[in-house]
Structure formats: C-alpha cells, structure tokens
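Working notes for the structure below.
The values are calculated or read from the model by the stated rules, or taken from the named source; none is laboratory data. Here the structure is a predicted model, which means the values were calculated and not measured. We place every Cβ from the backbone using ideal geometry, glycine too, and count neighbours over all the protein chains shown. To get the accessible areas, we keep the full protein, side chains included, count just its heavy atoms, and leave off ligands, DNA and RNA. Shrake-Rupley method; radii C 1.70, N 1.55, O 1.52, S 1.80 Å.
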Amino acid sequence: MTPEQIALSSLQAEWWGVAASFLTVIVAAIFGFLTLLNNRRALDAQNRAALAAVTAAPRRPGRLRQAALIPANAEVAWAIESVADGQWMLINAGTATAYDVALTGYTDLDQRRISVADGAPRTLAPGEALAFTVLSRFTLRGPANVVVTFAFESGAATVRQTLRAPAR
C-alpha cells in the first residue's frame with residue numbers, strides 16, 4: 001500500500017465517522033420528538049382517566065340537577081351529535097332555557113382541539129343547538145371531553161358539566 005492510498009483510506013474513514021455521527025444525531029432527534037408526542041398522549045389519557053374517576057358517581061346520564069341552582073321543575077339536558085367529519089352540535093335537550101352557554105375542552109389538548117365559531121356566551125332554549133368543531137389530534141380521531149358552562153337565569157351563578165363527544 002502506498003502512502004497516498006493510506007492517506008486516502010484514512011480520509012474516507014474520517015468522513016464515514018462524521019456521517020455516522022450526523023446520522024446518530026438525526027435518529028436521536030426523531031426519537032426525542034416521538035417521545036414528546038407520546039408523553040403528550042399519555043398526559044391526555046391520564047387526564048381523561050381522572051375525569052372518568054371523578055364523574056363515576058351514579059346519576060342519570062346527560063342530566064344535571066343541583067337543588068340550590070336549578071328551579072324545581074326545570075331541567076337542562078345536553079346532547080352531542082355529529083353533523084359531519086369534525087363538526088358537532090351541542091343540543092339543549094332539556095325543558096329549561098340555558099343562559100350564558102360557553103363551550104371549552106376539559107384538558108389542554110381538548111382546549112386546542114375544540115373551537116366554537118362565535119366564542120361569546122349564548123342563550124339556548126330547549127331544542128336549540130350550538131355548533132362546534134373538534135379537530136383530530138396527532139392525526140388520530142378520538143373522543144373529546146367538552147365542558148359546558150351555563151346558568152339557569154341570565155347573569156346568575158353558572159353550572160359546569162363535562163360531556164364526551166364520542167369517537168368516530
């Protein structure tokens with residue numbers, strides 16, 4: 001082997017080492033990004049599990065009654081129906097009018113996924129609906145926890161209820 005060949009092979013080995021180091025950094029960055037996404041999903045799942053544990057008390061599904069805030073004969077019941085892909089309707093299926101109705105997500109991720117065209121609080125009479133959008137998260141479709149805040153009289157104390165928009 002001549003000195004030129006030895007120098008050339010030494011230079012090639014150095015370049016292969018640089019390329020391998022560069023690829024190692026790229027692979028580490030990809031796995032770091034995937035780990036970050038997975039941790040966000042796990043946190044969201046943990047928040048949903050905590051919500052399920054808190055709301056596991058037996059009661060009529062979809063109905064809300066709190067004696068101090070609700071008139072004796074009034075009842076507000078919420079229904080969530082899918083209109084189209086990602087488009088949903090929050091419907092007042094009860095017998096009472098709900099005032100100052102506002103909609104948001106339960107977890108931070110749900111808050112980023114859920115959007116209402118007109119974010120101002122609204123009044124929903126029985127049978128009226130509020131349209132909202134649920135964006136897919138991390139390219140996965142799944143349920144979203146929707147928090148509805150409302151009052152039984154205009155300007156009165158608000159009541160908060162958490163509902164689930166079913167997975168599609």
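For the range 78-165, the Cβ-based charge dipole about the Cα centre amounts to some 300 debye (Lys, Arg positive; Asp, Glu negative; other atoms uncharged).
Probing with 1.4 Å while keeping every protein chain in the model, the per residue accessible area of the range 85-135 equals 47 Å². Peptides 20-30, 105-115 ranked from most to least packed give 105-115, 20-30, packing being the mean of other C-beta atoms within 10 angstrom over each peptide's residues.
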